[in-house]
Amino acid sequence: MPDRDVFRAPIGTRDVLAPESDRWQRLVATFASHAARAGFGLLVTPMFEHVEVVQKLGGTTDVVRKELYDFDDKGGRRLALRADGTASVVRAFVQHRPLLPWKVWYVAPNFRYERPQKGRYRQHWQVGVEVLGVDDPALDVEVIALADGFYRALGLERYRLAVNSMGDAASRATYRDVLVRYWREHAALLGAEMERAEANPLRILDSKRPDWAEMIAGAPQVGDHLTPDARTRFEQVQAGLRALGIPFAVEPRLVRGLDYYTGVTFEFASDALDAAQNAVGGGGRYDRLVQDMGGPPTPGIGFGIGIERVLIACDAEGVFAAPGTTLDVFLVDLVGGTEAVVLAEELRSAGFATDRSYGGRAMKKQLAAADKSGAPFAVILGPAELAAGSVTVKDLRRGEQAELPRAEVVAWMHARRDEAST
Ligand code: HAM
C-alpha cells in the first residue's frame with residue numbers, strides 16, 4: 001500500500017475532531033443524564049470478546065457470517081471485536097451475576113465489516129441501554145420512551161417509531177414453521193439461499209434484494225401467529241406508548257437484523273436520512289440470550305442508538321449544532337517568562353476556560369488569535385503593565401478595554417460571568 005493510503009484512517013472509519021467532538025461529548029452527556037434519571041448505571045466492557053460471545057448475534061446474520069472482525073491473539077485465542085453492545089452486556093451479566101434488575105447504559109464503538117457509505121461505517125459508535133431481569137411490558141414502554149426522550153432532547157422531530165412483536169416461544173415456533181413452508185414454495189427464487197431460509201426463516205424477511213421484494217411482501221406475518229398471551233402483552237406495550245403520547249406504527253415486517261430477539265422489537269427511522277440507512281436506533285426483547293450464554297433464565301431488553309447517524313439526522317434537521325467556543329478568556333503575552341504561565345493556571349483553577357498564545361509573537365498577531373479563539377475576553381500582559389503590577393483586560397465583543405491591578409483579574413472575570421448570567 002502506498003504511504004498516502006497507509007497513513008490515513010482505514011476505510012469505513014473516521015476521526016472526530018473539535019468542534020464536532022464537542023458535539024459528541026454533549027450528545028453522550030445528554031444520553032447519560034437521561035439514562036441516569038431512569039436509574040441506569042454505566043457499564044464499560046472490553047472492545048474485544050471471545051468470538052463465541054459475538055457469535056451470539058446469530059449464525060445466520062450478516063453481522064456474524066460476513067462482518068466480524070475476528071482474529072487469533074498471540075496466545076492462540078479466537079477473539080472478535082465487539083459488533084454490538086448487547087452481547088458484551090449479557091456476557092458481563094453472566095460473569096458477575098449482579099443483583100436484579102440490572103439496568104446499564106453504555107457508549108462504545110462497534111465493528112462490522114460493512115460496505116462503507118454515508119451513515120454506514122466499519123467502526124460505528126452506539127449509546128444504548130440494557131435491562132436484565134424484568135419481564136414486564138411497563139419496562140418495554142419505559143425503554144422505548146427513554147430513546148424517544150433522548151431524540152427529542154437533541155431537537156429531532158422527523159423520525160418515526162416502528163414496533164413489532166416476535167411473540168413468545170410458542171408463537172415463534174408456529175410462525176417459523178409457517179414461514180419455512182412459504183419459503184419452500186419459493187425455493188426456485190431463493191436458490192442457494194434456501195438453506196439459510198430453512199436455518200433461520202426470519203432472516204429472509206429483512207433482505208433488501210429487489211427480486212425478492214414481491215415474495216417477501218406476500219410472506220405470512222408474525223402478528224397473525226401470536227399466542228393470546230403474546231398478543232395481550234404487545235397490546236399493553238402499545239397502550240403504554242399511547243398513554244405517553246409517543247407516536248408509533250405497528251410494522252409487522254420489522255424483524256431486525258440480529259437473531260437474539262424474542263418479544264417486542266422496535267426501530268426509530270429518520271426521514272432526514274437516506275432510506276438504506278435511516279435507522280437511528282433500534283432494539284427489543286431478548287429473553288433467551290442470558291441462558292444461551294450459560295446464565296440462569298433471565299429476560300432482557302434494550303436498544304442501541306448510532307451516534308454518527310443521529311448526528312447526520314441532526315444536521316439534516318438543523319438541530320443540535322456544534323457548540324461555538326467554550327473559552328472564557330485568552331491571554332496575550334508580551335512579556336515572556338512565567339507571568340502568563342502563572343496567570344493562565346490561576347484563571348483555570350478559578351474555573352475559567354483559558355487559552356493563550358506562545359512564543360512571544362507580535363501583539364497584533366496575538367490579538368488576532370484572541371479574536372479567532374472566540375473567547376469573549378482577552379487579558380494582555382505587556383511590559384508597561386508588568387512594571388505597574390497591572391494588566392489590560394479587553395472585552396473582545398464590545399472592543400472596550402481597561403487597565404486593572406494584576407491581583408484583580410480573577411475577580412474581574414467572576415464579575416463578567418455574573419453579569420452575563422443575569
Ligand atoms: P442494530 O440495529 O444492529 O442493533 O444497531 C443499532 C443502531 O446502530 C442502528 O439503528 C444504527 O443507528 C447504528 N448502526 C448499526 N450499524 C451501523 C453502521 N455500520 N454504521 C453506522 N451506524 C450503525 C444493535 O446493535 C442491538 N445491539 C440493539 C439492541 C440493544 N437490541 C437490544 N438491545
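The label-point distance for residue 176 and residue 293, in a model that sets each label 7 Å from Cα toward Cβ, rounds to 2.1 nm. In plain terms, the chain from residue 160 to residue 17 could stretch by 48.5 nm, reckoned as 0.36 nm per residue minus the Cα-Cα distance. Positive contributions from Lys and Arg (+1) and negative ones from Asp and Glu (-1), summed over other residues with Cβ under 14 Å from the Cβ of residue 132, come out at -1.
Sketch the reach of a paramagnetic label on residue 242 as a point 7 Å from Cα along Cα-to-Cβ, and name the residues of the range 213-235 whose backbone nitrogen lies under 17 Å away. Counting only backbone N, you get 231-235.
Placing unit charges on each Cβ (+1 for Lys and Arg, -1 for Asp and Glu) gives the chain a dipole about its Cα centre, and among 190, 297, 88 the Cα reaching farthest toward its positive end belongs to 190. Here the accessible area of the chain is 53 percent carbon and sulfur, with a 1.4 angstrom probe and all protein chains present. Dipole magnitude for the chain: computed about the Cα centre from +1 point charges on Lys and Arg Cβ and -1 point charges on Asp and Glu Cβ, it is near 440 debye. Positive end of the dipole of the range 329-421 (Cβ unit charges, origin at the Cα centre): among 374, 347, 390, the Cα lying farthest that way belongs to 374. Model label points for residue 321 and residue 184, set 7 angstrom from Cα along the Cα-to-Cβ axis, are 6.2 nm apart. Entry for the range 233-366 at q = 0.13, 0.22 Å⁻¹: log10 I(q)/I(0) = -0.74, -1.29, Debye formula applied to identical alpha-carbon scatterers, no solvent contribution. Ordering 360, 415, 327 by the projection of their Cα atoms onto the charge dipole of the range 298-422, which places +1 on the Cβ of Lys and Arg and -1 on the Cβ of Asp and Glu, puts 360 at the extreme positive end. The calculated pair-distance distribution of the range 32-111 uses every alpha carbon pair, bins of 10 angstrom beginning at 0, and gives 18, 44, 29, 9, 0 percent. Peptides 252-258, 380-386, 86-92 ranked from most to least packed give 86-92, 252-258, 380-386, packing being the mean of other C-beta atoms within 10 angstrom over each peptide's residues.
Cross-link partners for residue 208 among the lysines, with Cα-Cα distance under 29 Å and sequence neighbours closer than 8 places in the same chain left out: 56, 66, 118. Short to long, the 5 Å bins of the Cα pair-distance histogram for the range 329-421 hold 3, 14, 28, 29, 20, 5, 1 percent of all pairs. Shape summary of the chain, radius of gyration then Dmax from alpha carbon positions: 27.6, 94 Å.
Taking a virtual spin label 7 Å from the Cα of residue 388 along the C-beta vector, which residues in the range 400-419 bring their backbone nitrogen under 19 Å of it? Of the residues in the range 400-419, 400-413 have backbone N under 19 Å from the label point off residue 388.
The Kirkwood radius of the range 83-129, taken over pairs of alpha-carbon atoms, gives through the Stokes-Einstein law at 20 °C and 1.002 mPa s a diffusion coefficient of 177 µm² s⁻¹.
Shown is the FRET efficiency for residue 419 and residue 221, computed with R0 = 51 Å from the Cβ-Cβ distance and rounded to the nearest 0.05: 0.20.
Taking amide H positions as modeled 1.01 Å from N, with prolines and chain starts lacking one, the residues under 5 Å from residue 110 and 5 or more places away or on another chain are 124, 125, 126.
Per residue of the chain, the DSSP helices (runs of n ≥ 4 H) give a summed -39500 (n - 2.57) that works out to -11500 deg cm²/dmol at 222 nm. Whole Å is fine, so just give me how far the alpha carbon centre of the range 9-62 lies from that of the range 248-300. Measuring centre to centre over Cα atoms gives 17 Å. Other residues within the sphere of radius under 13 Å centred on the Cβ of residue 239, judged by their own Cβ, net out at +1 (K and R +1, D and E -1).
Using every pair of distinct Cα positions in the range 200-302, the Kirkwood expression returns a hydrodynamic radius of 15.6 angstrom. Counting charges near residue 46 (Lys, Arg +1; Asp, Glu -1) among other residues having Cβ under 10 Å from its Cβ returns a value of +1.
Accessible surface computed residue by residue for the chain, with neighbouring protein chains in place and a 1.4 Å probe, gives 49 Å² per residue. A simple charge model with +1 on the Cβ of Lys and Arg, -1 on the Cβ of Asp and Glu and nothing else charged puts the dipole of the range 329-421 at about 380 debye relative to its Cα centre. Hey, could you get me the Stokes-Einstein D for the range 148-272, Kirkwood radius over alpha-carbon pairs, 20 °C and 1.002 mPa s, rounded to whole µm² s⁻¹? Answer from the Stokes-Einstein relation: 135 µm²/s.
The values are calculated or read from the model by the stated rules, or taken from the named source; none is laboratory data. Note that the structure is predicted; figures quoted are calculated from it, not measured. Here the Cβ is made from the backbone with ideal geometry for all residues, glycine too, and neighbour counts use every protein chain on show. With ligands, DNA and RNA removed, areas are computed over all heavy atoms of the protein, side chains included. Shrake-Rupley method; radii C 1.70, N 1.55, O 1.52, S 1.80 Å.
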